[in-house]
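First up is the structure itself, then whatever we jot down about it.
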Amino acid sequence: MRPAPSQGGHRPGEARTGDPARAEAGAAPAAARRRPARAPAAWPAHLAEEAPTLLWASDAEGRLVHANRRFQSVFGLPAGALREDAWQRLLEPEALVRFRAELAAAIAVRGPFRIEVPLRTAGGARHWYRWEAAPSLGPDGALLGHAGCCTDLSEAREAEAALRELNATLERRIAERTAQLAAEAAARSAAQDRLRHAQKLEALGQLAGGVAHDFNNVSAAVLAGIALLGQRHGQALAGAAPGTARLLAELREVAERGAAISRRMLAFARREELRAAEIDPTELLRNLQAILANAIGPVVRVALDVPAALPALRADRAQLETTLINLAVNARDAMPGGGTVTLGAAVAEAGADPAGLAPGRYVRLWVADTGTGMEPAVLSRATEPFFTTKPRDRGTGLGLSMADGFAAQSGGQLRIESRPGLGTTVSLWLPCAAGQRPALAGGEARGRALIVDDQPMMRRFLTECLGREGWEVAEAEDGGQALLHLESGAPCDLLISDLAMPGMDGTALIQTARLRRPGLVAMLLTGTGRMAELAPLAERGGYALLRKPVSPAELAACLAGLALPGGAAGCGGWRSDLNAGPL
């Protein structure tokens, strides 16, 4: 049986031939699937006009024939100006020449066109633009013109400029940082050099302190023996043989010179309390002139510049003489062809001194030469330890450093003035003496004394000196024996102890002894060069402090000034000026 035809007389899925509209509607989707859709003919032109890009076209002669709205708006170019010489309206003269040359070259070879030139926009701003165009060819290959676009390069160029500036700034910062690091490295190197110099000084100071202590003990023993020999047998020796007294005096002088050497070693390390005394600067410089006139060479004249009636100054005479002689030798060395060394003195007042000199009245001593002078770089380092411009075999670099230390320890200051070719003046500012020291209290103080020293010769010397002053003396070789003597109940009015001894030192012995004998009068002897450190302790502890080597006269003067039971009150304990000044 055949199926019944569907309504309308056609099979399902078949177009009805009797319905043209349906047939066309059914065929349209199929056709659309078989070929691509075509845009309306006016679509490209419409897109070009509305595009946000600057689009343009030129003919085969290179004239601008088309520009979209965006192009005309940005450059303020009316549509009627296209057929005119639009390039002349848009471009600056210099850019116009390059533009036409590049465009003509592109037309000649029917190739692409590309150039970057500055243009001024409708608002008057000057921007750089990149012009790019492709050739448009006809069917026969003839050039119809060029079509292209303009790209604003202002932001890109600003970014490039910023990058160049950043690179230049970075290079500058790198150079500055490199210089800073180099300066820091140089400063570290200089600091390390100064540290090495300081360590050398510290090592030499420790060595000097140890040697000076032992040397002081030897010198003290020798001087003690000479003093006792002179006191006991001086007259007999003088009458026994001609020249004996002179020989004894020479031995004393040599021993005292050895003691002075140890003091100079300690002064080099700046550890010694100087023996300050009142000094007449006029007499001092006149004596030095006489000495130096024959000592520093025939081609150097020694002049004196000292006014009348100068006040006395206060300093260690031996150290001051040594310092001035060293300065005079330096002055001579600065004048290889000869010249004049001037020793001078004057009164000077110091106010609020930025260099650290305390206000007050000073005597300024100076040594001036007419030599080569110093460059600023050398002058700034003149007082550095071990710095010298002399050959290795003629200088150690310690002279000015020691002079600077001596001036500072004396309560003054060293100053140097120098200019290349005009010579050098080195000045020592030293404090004026406050006045004459009062006479020491007289009178004898008799009693029982305990002497503690690990050197037998020193014990014998001290026993002899105290015995001649009317003291009864007991001896002990260390702190342990001394404490046993005190614990035994033996009478003791005075304890004299050395500082450096095996076991308990002198300061500890005095403190411990006073726990057993409250109020015990004590005297501490030292040759270690620690006077500046020990003086405040002695003052607080209420005991006398003497420096080795000590002479019988110094010891007798100190004994006369002590506050002893039943005796007159003298220095009351710590003494800072006996005979030759602070000990």
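The values are calculated or read from the model by the stated rules, or taken from the named source; none is laboratory data. Given the structure is predicted, the values throughout are model-derived calculations rather than measurements. With ideal geometry, Cβ positions are generated from the backbone for all residues, glycine too; neighbour counts draw on all protein chains shown. Calculation scope for accessible area: heavy atoms of the full protein, side chains included, ligands and nucleic acids excluded. Shrake-Rupley method; radii C 1.70, N 1.55, O 1.52, S 1.80 Å.
Of all residues being in contact with a helix residue (DSSP H, G or I) (Cβ under 8 Å, 6 or more places away or on another chain), aliphatic (A, V, I, L, M) and assigned to a helix (DSSP H, G or I) in segment 504-531, which is nearest to residue 485 (Cα to Cα)? Just the residue, please.
Within segment 504-531, the match that is nearest to residue 485 (Cα to Cα) is 513.
I'd like the residue in segment 147-185 that is in contact with a strand residue (DSSP E or B) (Cβ under 7 Å, 6 or more places away or on another chain) and not acidic (Asp, Glu) and, out of all such residues, is farthest from residue 131 (Cα to Cα).
Filtering first and then ranking leaves 157.
Which of the residues that make up segment 483-499 are part of a loop (DSSP other than H, G, I, E, B) and buried (at least 18 other Cβ atoms within 10 Å of the Cβ)?
492, 493, 499
Say we look at segment 464-482 and pick out the residues that are assigned to a helix (DSSP H, G or I) and farther than 15 Å from residue 549 by Cα; which of these is most open to solvent (accessible area, probe 1.4 Å)?
Per the stated criteria, the residue is 468.
So, residue 449, is that one in a strand (DSSP E or B), among the small types (Gly, Ala, Ser), open to solvent by less than 60 Å² (accessible area, probe 1.4 Å) and at pLDDT 80 or above or not?
It is true that residue 449 is in a strand (DSSP E or B), among the small types (Gly, Ala, Ser), open to solvent by less than 60 Å² (accessible area, probe 1.4 Å) and at pLDDT 80 or above.
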